[in-house]
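Okay, structure first, notes after.
The values are calculated or read from the model by the stated rules, or taken from the named source; none is laboratory data. Predicted model only: the values in this text are computed from it and were never measured. We place every Cβ from the backbone using ideal geometry, glycine too, and count neighbours over all the protein chains shown.
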Amino acid sequence: MNIDALILAAGKGTRMPSPRPKVLQTLLGETMLALVTSTLAAMPRVGRILTLVGNEADMVSAEAARTAERLGIASSCIRQEKQLGTGHALMTAMPGLGGDGCVLVVNGDAPLVTPEVLNHFLDAAEGADAAFLSLELEDAAAYGRVVRREGKVSAIVEARDFDPALYGPLEDAHEVNTGIYLFSLPAARRLLPRLTCDNRGGEYYITDLVALGLAEGMDVRGIRAEGAGCEKTALLGVNTPVELAAAEEILTKRRADELLASGVVLHAPSLVRVSPLSRVEKGVEIFGPCEIYGDSEIKSGARILSHCVLRDARIDGGTEIREFCHIEKAEVKSGALIGPYARLRPQAFVDENAHVGNFVELKKTRLGKGSKANHLTYLGDAEVGPGVNFGAGTITCNYDGKNKFRTVIGEGCFIGSNTALVAPVTVGDNALVGAGSVIVEDVPAGKLALGRGRQVIKERRK
Ligand code: UD1
Ligand code: CA
């Protein structure tokens, strides 16, 4: 079966008051769109992944492209200029879905969906003209309700269109539509032109295709998620801040359980927040509270102590990241010690066995093997060789108000406390810079540089 996937992500999300479109709201640092896309990308039987964008189309397309690049897949977006409903969304996407295969349609606001759930659904939907996945919910709130007659699906009815005279009390209707569908493309082509927006929402509902298909005598299946190892919570839609918070909690727990089961040691696991897209190897030890986001990669044997925030960080084994560190787009090699209270900004590279201590900030800087910057130091746009020691309060003055300049420090140097290195400047191998210096000229290898006022001793006034 040739299956393409379509993510519906064009809606406004009026129940989520935020300047960002709803599918760009995040859970564990990942947008709902990235989470849904990565789930689909993990399913071998899904071919192309298309994203339907409309509201804030540029922002959403940019996120789709960024996600595709991260996952190493092709992505393409289709524009729905006016958001006339989920049925109209599918109509808009049809020209991009050529062929006689199938389309797996998923709402972009179902960030907890897993490959297991979708695989169960696709297995049960095999060969159908149309199918959707349903779920029993105690409090079914605003979900569309599945109406059955003698166990057989007859329609999906939106909560606001639900007529108790026809279907019985709404409170008793617990089977809901999850917003996951499979349509054979020939069936969709036949049914879509018959959709109308004659309902309370004034929209074209994708859900009306169910009754339309049945009226045509098509094979339409309502597949229940229950009893197939599907977590119910995997199917919850996110429409409001309350639902977003609940979904994020579920995802945090799911991710922590997964890490524990794979052999990662977590202390206070409920406070360890790890993006589903970050890779943490077994044998890593993490102390909560701690946050690891983006495309971070933590290798076996690393220890991450509490209150750290890592984003797109690469941490080797044999390292220790002590409490209260911030690491973003930076790399730490084996044996290095970071923190407490250190900040590694983009393109910081801390080589083997180097130390970065409290209140030290590195940006676009390579700190050589075994080098140490232990206290109150800023190293920006710098290349530091191995075995260098920085005294407390060293600063690379890399910015003159207009441009950035580099500082190069050779191996084995000793930079005295409270030194300002005014870039561009080079300090040769094994040079020594006296404490309190302002270094504005290159220091030759093996020399001592002093750039400070000479101390004078005078008599005190009586
Ligand atoms: C929809 C279903 C409902 C189901 C629920 C599950 C319909 C009519 N109803 O309701 O039966 O129980 O999902 O969560 O489909 N979108 C577009 N273009 C549009 C409109 C929406 O791309 O013109 C996208 C939205 O961005 C969203 C998804 O479709 O990701 C679902 O839309 P939403 O308005 O959230 O539908 P619900 O009212 O939740
Ligand atoms: Ca929704």
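Annotations
- Among the residues of the range 9-33, those identified as hydroxyl-bearing (Ser, Thr, Tyr) and more than 18 Å from Glu249 (Cα to Cα) are Thr14, Ser18.
- Boolean, Asp109 is touching a residue at least 24 places away in the same chain (Cβ under 8 Å), among the charged types (D, E, K, R) and crowded, with 23+ Cβ neighbours inside 10 Å: yes
- Asp109 in contact with a Pro (Cβ under 8 Å, 6 or more places away or on another chain) and outside any helix (DSSP H, G or I): no
- Being out of contact with any strand residue (DSSP E or B) (no Cβ under 9 Å at 6 or more places or on another chain) and within 11 Å of ligand 1 (Cβ to nearest atom) holds for only one residue in Ala142, Ala165, and it is Ala142.
- Qualifying positions in the range 213-253 - assigned by TED's automatic domain parsing to the domain that holds Val36 and free of Cβ contacts under 8 Å to residues at least 24 places away in the same chain: Ala215, Gly217, Gly227
- Flag if Arg66 is surrounded by fewer than 22 Cβ atoms within 10 Å (Cβ to Cβ), within 13 Å of ligand 1 (Cβ to nearest atom), assigned by TED's automatic domain parsing to the domain that holds Val113 and not in a strand (DSSP E or B): no
- Top-ranked residue in the range 80-106 [being part of a helix (DSSP H, G or I) and away from ligand 2 (no atom under 16 Å from the Cβ); ranked as surrounded by the fewest Cβ atoms within 10 Å (Cβ to Cβ)]: Pro95
- Residue list for the range 203-233, restricted to those being modelled with pLDDT under 95 and either surrounded by 21 or more Cβ atoms within 10 Å (Cβ to Cβ) or within 12 Å of ligand 1 (Cβ to nearest atom) (or both): Ala225, Cys230
- Hits in the range 333-359 - residues which are buried (at least 18 other Cβ atoms within 10 Å of the Cβ), part of a strand (DSSP E or B) and over 27 Å from the mean Cα position of the chain (by Cα): His355, Val356, Gly357
- Residue check for Leu266: closer than 13 Å to Gly29 by Cα, modelled with pLDDT of 95 or more, not in a helix (DSSP H, G or I) and not assigned by TED's automatic domain parsing to the domain that holds Leu71: no
- Inside the range 179-201, residues that are aliphatic (A, V, I, L, M) and either within 16 Å of ligand 2 (Cβ to nearest atom) or surrounded by fewer than 18 Cβ atoms within 10 Å (Cβ to Cβ) (or both) make up a count of 2.
- Selection over the range 1-41 of residues that are under 10 Å from the mean Cα position of the chain (by Cα), assigned to a strand (DSSP E or B) and within 16 Å of Val60 (Cβ to Cβ) gives a count of 3.
- Some residue of the range 310-322 being within 17 Å of the chain's Cα centre (by Cα), in a strand (DSSP E or B) and touching a residue at least 40 places away in the same chain (Cβ under 8 Å): yes
- Filter pass, Thr426 being crowded, with 16+ Cβ neighbours inside 10 Å, of a type in the set (Ser, Thr, Tyr) and touching a residue at least 24 places away in the same chain (Cβ under 8 Å): no
- Selected residue (criterion: nearest to the chain's Cα centre (by Cα)) from residues of the range 209-250 that are closer than 16 Å to Ser134 by Cβ and acidic (Asp, Glu): Glu231
- Between Val274, Val264, Val284, the distinction of being closer than 21 Å to Met32 by Cβ and of a type in the set (Val, Ile, Thr) belongs to Val274 only.
- Residue in the range 111-125 that is within 14 Å of ligand 2 (Cβ to nearest atom) and more than 22 Å from Thr51 (Cα to Cα) present: no
- Residues of the range 97-110 that are more than 10 Å from ligand 1 (Cβ to nearest atom), under 26 Å from Leu277 (Cβ atoms) and of a type outside the set (Val, Ile, Thr): Leu104 alone.
- Note on the range 135-181: residues that are of a type in the set (A, V, I, L, M) and over 38 Å from the mean Cα position of the chain (by Cα) amount to 2.
- Count - residues of the range 235-247 that are assigned to a helix (DSSP H, G or I) and surrounded by fewer than 22 Cβ atoms within 10 Å (Cβ to Cβ): 6
- Among the residues here, Val176 does not qualify as closer than 30 Å to Gly47 by Cα, away from ligand 2 (no atom under 16 Å from the Cβ) and assigned by TED's automatic domain parsing to the domain that holds Asp100.
Residues are listed down the side, and each one gets a yes or a no for (1) more than 24 Å from Asp295 (Cβ to Cβ); (2) in contact (Cβ under 8 Å) with a residue 40 or more places away in the chain:
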site: Ala5; (1), (2): no, yes
site: Leu28; (1), (2): no, yes
site: Thr37; (1), (2): no, no
site: Ala41; (1), (2): no, no
site: Thr51; (1), (2): no, yes
site: Ala57; (1), (2): yes, yes
